[in-house]
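Derivation of every value follows stated rules applied to the coordinates shown; laboratory data play no part. Since the model is a prediction, treat every value here as computed from it, not as a measurement. Every residue, glycine among them, receives a Cβ derived from its backbone with ideal geometry; neighbour counts consider all protein chains shown.
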Amino acid sequence: MLPRASRVAVVGESTSVAGFRPLGFSVFAVEAPTLAREAWSELVGGEYGVVLVTEGVYRHIEDLVVARADEMVPAITVIPGAGSTGGVGQARLDAAIERALGTKAFIREEDG
Amino acid sequence: MPALRVNPNRMELMKLRRRRQVAQRGHKLLKDKLDELMKEFLARIGASRRLRAEVEAELLAAYGVFAIARGEAGRAALATALASGTPADLLEVRERNVMSVRIPEFEVAELPDPGGYSLVTTPLVLDTALDSLAGVAPRLIELAEREKAIELLAAEIERTRRRVNALEHVLIPQLDEAIRGIGMKLEEAERSNLTRLMKVKEIIEAQGER
């Protein structure tokens, strides 16, 4: 039986994530990235189907996110925060490719 | 590689041959599964990569507009305006089976209309900011869905490849070795039996001549 998992959570610095609140997202504005650790059990408890984590917070809770890699929900995805450089999400994708292929394959943009 | 320890008799030989057949069949099946998973995986990567690049760009643009709104309205006024929303049930989660990997599929409900803040105290640009964020939000969820599928497929591919390799490089060679070993032992026993019989025949013949 699937959990209901009907909500979308956004975890990040308040400047990045505040705008999601009027859109019906559940906003976890954490002033210190370590506070995300305390909210984690609620986030993965089954209520949320998608958890978006900003890069700044992801750096501090990477181990928690990686531990959930084999679970179907929540789908945890890294998004850039305001003022962050991006690229962390891409790096995660590359890590998945490396895990699957056993090598850092060069995959051309036009593939797929 | 440790050799299998088995009794060298015909019964064991038959058992081992049967196991070898099963292992071979399992290896073929798993290899086919791996190929199919790989195909599925590679087909998803390109699209996901593109979607991520687009979403990231749009998100950063939306943050920029928010920064302008924050500048115009002031941090406190903006925080008050944005506090109006309540968490809603936005998703319908379904499950799809791809080569026995369960991946989630999200159906996004209509996003609630942003509003409920005073139009007098907030700048116009806040509406633009919320609009652009609302534009990117469904694709954020799509991105999460795609990346989760890729993550789950990657894990399954890794597991399957391990199994294929274990069969191909460990179990099947071990069985082959054991089968060969028993065959040699049985031949050896056969030869020794034959020589013994010949020797006995010789002795009996020698006794008859006397």
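Averaged over peptide A:68-74, the number of partner chain Cβ atoms lying within 10 Å of each residue's Cβ comes to 5. Select from B:188, B:56, B:105 the residue whose mean-square fluctuation is largest in a Gaussian network model of chain B (Cα-Cα springs shorter than 10 Å). Sorting by GNM fluctuation, first place goes to B:188. Using only DSSP helix segments of four residues or longer, with each worth -39500 (n - 2.57), what per-residue ellipticity at 222 nm results for the protein assembly as shown after dividing by its residue count and rounding to 500? Mean residue ellipticity, 222 nm, calculated: -21000 deg cm²/dmol. Using the Cα centre of the protein assembly as shown as origin and beta-carbon charges of +1 (Lys, Arg) and -1 (Asp, Glu), tell me which of A:64, B:118, A:48 is placed farthest towards the positive end of the dipole. Projecting each Cα onto the dipole axis, the largest value belongs to A:64.
Between helix B:10-73 and chain B, what is the angle of the helix's C-alpha long axis to the longest principal axis, kept within 0 to 90° and rounded to the nearest 10? Roughly 10 degrees, rounded to the nearest 10.
Springs join every pair of Cα atoms under 10 Å in this Gaussian network model of chain A, and among A:74, A:22, A:33 the largest mean-square fluctuation is at A:22. Taking every residue in A:77-87 and counting other chain Cβ atoms within 10 Å of its Cβ, the average works out to 5.
Output the 0 to 90 degree angle, nearest 10, between the alpha-carbon long axis of helix A:55-67 and the longest principal axis computed from the alpha carbons of chain A. Tilt of helix A:55-67: around 70 degrees. Across chain A, the mean sequence separation of Cα contacts (distance under 8 Å, 6 or more residues apart), normalised by length, yields a relative contact order of 25 percent. The C-alpha atoms of chain B define a longest principal axis, and helix B:172-209 lies at about 0 degrees to it.
Please give the Cα centre distance for the range A:4-43 versus the range A:84-102, rounded to the nearest Å. Each part's Cα centre sits 23 Å from the other's.
Which one of B:100, B:48, B:192 has the biggest mean-square fluctuation once chain B is modelled by GNM with Cα springs under 10 Å? Of the options given, B:192 has the highest mean-square fluctuation. If you put +1 on each Lys and Arg Cβ and -1 on each Asp and Glu Cβ, how big is the dipole of the range B:10-181 around its Cα centre, in Debye rounded to 20? Dipole magnitude for the range B:10-181 comes out near 1880 debye. In terms of its Cα atoms, the range A:7-101 spans 41, 30, 24 Å along the principal axes, sorted from long to short. Put a dot 7 Å past the Cα of residue B:25, heading toward its Cβ, do the same for residue B:159, and the two dots end up 2.3 nm apart.
Among the trypsin sites (Lys or Arg not before Pro) in the range B:1-77, those located in a DSSP loop and surrounded by at most 15 other Cβ atoms within 10 Å of their own Cβ are B:5. Taken residue by residue and averaged, Cβ atoms of other chains lying within 10 Å of the Cβ of B:46-54 number 4. Sorting B:11, B:38 from the fewest to the most surrounding beta carbons within 10 angstrom yields B:11, B:38. Non-local lysine pairs in the protein assembly as shown, meaning eight or more places apart or on different chains, with alpha-carbon distances under 22 Å, amount to 11. Over the range B:10-181, the alpha carbon radius of gyration divided by the compact-protein estimate 2.2 N^0.38 Å works out to 1.73. Going from the fewest other Cβ atoms within 10 Å to the most, the residues B:86, B:122, B:80 appear in the order B:86, B:80, B:122.
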